[in-house]
1. Would you check which residues across the range 59-73 are touching a helix residue (DSSP H, G or I) at 6+ places or on another chain (Cβ under 9 Å) and touching a residue at least 40 places away in the same chain (Cβ under 8 Å) and list them?
2. Among (1) more than 14 Å from the ligand (Cβ to nearest atom); (2) modelled with pLDDT under 95, which single condition is I11 missing?
3. Residues being surrounded by 13 or more Cβ atoms within 10 Å (Cβ to Cβ), among the small types (G, A, S) and more than 12 Å from the ligand (Cβ to nearest atom): count how many of those fall in the range 19-52.
4. Step by step: first the residues of the range 66-95, then only those that are more than 12 Å from the chain's Cα centre (by Cα), more than 15 Å from the ligand (Cβ to nearest atom) and not polar (S, T, N, Q), then the one that is nearest to E35 (Cα to Cα). Which residue is that?
5. In contact (Cβ under 8 Å) with a residue 12 or more places away in the chain and within 16 Å of the ligand (Cβ to nearest atom), is that true of K56?
6. Quick one: is I95 in contact (Cβ under 8 Å) with a residue 24 or more places away in the chain, surrounded by fewer than 18 Cβ atoms within 10 Å (Cβ to Cβ), under 21 Å from Q12 (Cα atoms) and of a type in the set (A, V, I, L, M, F, W, C)?
7. Tell me whether the range 14-29 contains one or more residues that are at pLDDT below 95, touching a Leu at 6+ places or on another chain (Cβ under 7 Å) and closer than 18 Å to E99 by Cβ.
Amino acid sequence: MNRETFQPAQIQHRRKEGVVTIVWRHGETSSITGEDLRRYCACSECRAKEKIGLRKTGEANDVVRLELMGTTGMQVVFADGHDRGIYPWEYLYRIGQDEAMEYLYA
Ligand SMILES: [Zn+2]
């Protein structure tokens, strides 16, 4: 699948349930929890602390806002103000497939 494949057709954020659902242009749907978004936050801070892929207990999993960044991906803002993570669309797809680490370290 090429880059164009990993573009969202529809994004739904159900904050109460803590789930972001993305319908992809290629037809599949990914449901990603706030916990997984936080776990796989790959911002410079999380990279520096080698915290990517680890369960971040005590840190906010509540997604307050999504900032869509066109064809690039989206920025996720958590309740504790953690907002430096930019998630490329394909990365989000891979998180939904439980392949986030493979994507990051391919
Ligand atoms: Zn982070």
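The values are calculated or read from the model by the stated rules, or taken from the named source; none is laboratory data. Owing to the predicted nature of the structure, the values given are computational and were not obtained by experimental measurement. Every residue, glycine among them, receives a Cβ derived from its backbone with ideal geometry; neighbour counts consider all protein chains shown.
1. Within the range 59-73, N61, D62, V63, T71 qualify.
2. Looking at each condition in turn, I11 falls short on (2).
3. Going through the range 19-52 one residue at a time, the tally reaches 3.
4. Among residues in the range 66-95 that are more than 12 Å from the chain's Cα centre (by Cα), more than 15 Å from the ligand (Cβ to nearest atom) and not polar (S, T, N, Q), the one nearest to E35 (Cα to Cα) is M69.
5. Values: in contact (Cβ under 8 Å) with a residue 12 or more places away in the chain: yes; within 16 Å of the ligand (Cβ to nearest atom): yes.
Yes, satisfied.
6. Values: in contact (Cβ under 8 Å) with a residue 24 or more places away in the chain: yes; surrounded by fewer than 18 Cβ atoms within 10 Å (Cβ to Cβ): no; under 21 Å from Q12 (Cα atoms): yes; of a type in the set (A, V, I, L, M, F, W, C): yes.
Criteria not met by I95.
7. no
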